[in-house]
Amino acid sequence: MTSESIPPTVREVYGPADLSSIPAFAGGFINFGHWDGIALDRPLTEADRVHSQQQLYRHTLAALTPPGADAARTAAARSGARVLEVGCGLGPGCALAVEEFGFAEVTGMDIHPQQLERAARRNRALLAARPGRLRFREGAAERMPFADGWFDGVYSVEAAQHFRDLGAFAGEAARVLRPGGRLVVACFFPPDDRPGAAGRLARMLDSFASGLDVAHPVGAFTGALGDAGLRGVRAESIGDRVWPGWDRWLATAGYTGTWSRNFLTAYREGLLDYYRVIAEAPAGEG
Ligand SMILES: C[S@@+](CC[C@H](N)C(=O)[O-])C[C@H]1O[C@@H](n2cnc3c(N)ncnc32)[C@H](O)[C@@H]1O
C-alpha cells in the first residue's frame, strides 16, 4: 500500500495534529490502557494513564511467548526472537518490547509516514544505543513489506479498528510468521453483528461515523484469522479492565467530549468490547 492509499480519515487523524498531541493521550501512547490494579476511586493522574497504557502492552507482549514455560526459558525465547508491531504509532510499545521484554529484534511498522518520523525522533536514543534491536518501517497491515516467515511474533495494539480488510491483514500476518510463531492483537470490536449495531455505534461515536474506525464484529476477525490458516484462534474479553478506567481518566481530566466518554456507554450496551486475540501459525512439517 502506498502512502496515497492511506484512508483519508487515518491520514488526517495521525497527520500534523496527531492524536498523541491531545492532552488525553499526552505521553506517546495512543490507546485506552489496561487498568488492572489501578485504584479508580480517586482522581487519576497522567502517570496512572501512562501506566495503564504500558500495562496494555505488557498484557499483549506476554502472550507472544507460550504460557507454561519457566522464566529462564521464556527469557531465552525472547532473546532470540524477531517480532513485528503493526500500527506502532510513536513506538513507545516497541521500546518496551526491547527494554523490558528483551526481544532480540523489534520492528515497528505503521501506515503513516508522519507517525514513523515521530517514532524515530522519540526513540532516537534507543535506536543509537541498541543498534539492530529496533527499527521502524512504513507499511500497511494489509500489505506488509517483509519476507515470508520472517517473524517469530506479530503483535498489534489498538490499530486493528482502522484496518479496512481484515482478511488481507490475516493473510499477511500468517505469511510473515514463521511456523509455530504467534499473533497477538489487542483492540476493540463489536461483540456480534446484531442488526442495527453499526448504525447505533456511528450515532454514539464520531470515530465510527467518520469511518476512522470500522465496526467489524470480533467473530469476523477471528474467522479471518482461521481462514488464513492460523490455529488456536481465541478472543478474550478485557473490556472490564479497559473502559471503566479510561472513562474515569477522562472524567478526572475534565474531558467532556462525547467521542471517548461514549465508549463506556457502548461497552455497557453490548455494542463494543475490548479483546486480546491470540493465534498461532501451524508448526512446520517434521
Ligand atoms: C490508535 S494508534 C495506536 C498506536 C500504538 N499502537 C499505541 O498503542 O500507542 C493507531 C495506529 O495505527 C496506524 N494504522 C492505521 N491503519 C493502519 C494500517 N492499515 N496499517 C498499519 N498501520 C495503521 C495509525 O497510523 C496509528 O499510528
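Quick one: pull the percentage of alpha-carbon pairs in the chain with a separation above 33 Å. Mind showing how you got there, number by number?
Values: 6822 of 40755 pairs.
Summing the P(r) tail past 33 Å for the chain gives 17 percent.
For ARG268 and THR45 in one chain, what is 0.36 nm times their gap in residues minus the Cα-Cα distance, to one decimal in nm?
Additional length available on full extension: 77.8 nm.
Got a sec? Which residues in segment 83-97 would a label at SER5 touch, if it sits 7 Å along Cα→Cβ and we count backbone N under 18 Å?
Counting only backbone N, you get 87.
Counting other Cβ atoms within 10 Å, which GluC sites (Glu not before Pro) in segment 35-136 have at most 13 and lie in a DSSP loop? Please report the intermediate quantities before stating the final value.
On the way: sites: GLU46, GLU85, GLU99, GLU100, GLU105, GLU117; in loops: GLU100.
Answer by residue number: GLU100.
Hey, any idea what Rg/Rh is for segment 134-183, computing Rh the Kirkwood way over Cα pairs?
Details: Rg = 10.5 Å, Rh = 11.3 Å.
Rg/Rh for segment 134-183 comes to 0.93.
Take peptides 26-39, 58-71 and line them up by average Cβ neighbours within 10 Å, highest first, as a rough protection proxy. Let's see the in-between values first.
Working: 26-39: 19.5, 58-71: 15.6.
So the peptides 26-39, 58-71, ranked by packing, come out 26-39, 58-71.
Suppose each label sits 7 Å from its Cα in the direction of the beta carbon; what would the ASP148-ALA220 distance come out to in nanometres?
Once both label points are built, they end up 2.9 nm from each other.
Between ALA26 and ASP227, what FRET efficiency follows from the Cβ-Cβ distance if R0 is 41 Å, with the result rounded to 0.05? Could the numbers behind the result be given before it?
Numbers: r = 39 Å, r/R0 = 0.96.
According to the calculation, E is roughly 0.55.
Taking every DSSP beta bridge with both residues inside the chain, roughly what % is antiparallel (nearest 5)?
Numbers: 14 of 33 bridges.
Bridges in the chain that DSSP calls antiparallel: roughly 40 percent.
With labels modelled as points extended 7 Å from the Cα through the Cβ direction, what inter-label distance (nm, one decimal) is found for ARG261 paired with ASP206?
Simple spin-label model gives 1.4 nm for this pair.
Bear in mind these aren't lab numbers, they're just calculated from the coordinates by the rules spelled out. All of these numbers come straight from a predicted model, not from anything done at the bench. All Cβ positions, glycine included, derive from the backbone under ideal geometry; neighbour counts span all protein chains shown.
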